[in-house]
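S.K.: Questions regarding the structure given below will be posed in turn.
Read-outs: derived from the displayed coordinates by stated rules, not from any lab. From a predicted model like this one, the values you see are computed outputs, not experimental measurements. Positions of Cβ are backbone-derived with ideal geometry, glycine not excepted, and every protein chain shown enters the neighbour counts.
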Amino acid sequence: MDDSDIRNRITALVEEEHRLRQNPDGLSPEDQTRLEGLEVGLDQLWDQLRQREALRRAGTDPDQARQRPAREVEGYLQ
């Protein structure tokens, strides 16, 4: 995926996240699970986008960036 593809995917996931959060009746267990998946997926995509930028700044091919496993991305310290 190139930067544009990643940004488009981020936009789609954010829109879905907003739809789920706007449910006035709260989230069903399935929706809660989906929301958690969206949050992880967004973290992975943002990480991949940052990788691409870092590779670009280093003068290397941004296409070397890969989506890291959820366990790794979610384990980063804030």
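S.K.: Can you pull out every residue in the stretch 24-45 that is under 17 Å from the mean Cα position of the chain (by Cα) and of a type in the set (Asp, Glu)?
M.R.: Once the filter is applied, which keeps residues that are under 17 Å from the mean Cα position of the chain (by Cα) and of a type in the set (Asp, Glu), the stretch 24-45 yields Glu36, Glu39, Asp43.
S.K.: Take the residues of the stretch 35-63 that are of a type in the set (S, T, N, Q) and touching a residue at least 12 places away in the same chain (Cβ under 8 Å): which is farthest from Arg7 (Cα to Cα)?
M.R.: First pass over the stretch 35-63, keeping only residues of a type in the set (S, T, N, Q): 44, 48, 51, 60.
Now restrict to residues that are touching a residue at least 12 places away in the same chain (Cβ under 8 Å): 44, 48, 51.
Values: Gln44: 12, Gln48: 10, Gln51: 14 Å.
Applying the filter and picking the extreme gives Gln51.
S.K.: Then there's this: Might you check whether a residue that is aromatic (Phe, Trp, Tyr) and more than 10 Å from the chain's Cα centre (by Cα) occurs anywhere in the stretch 46-61?
M.R.: The initial filter retains those residues of the stretch 46-61 that are aromatic (Phe, Trp, Tyr), namely 46.
Still in the running and more than 10 Å from the chain's Cα centre (by Cα): none.
No.
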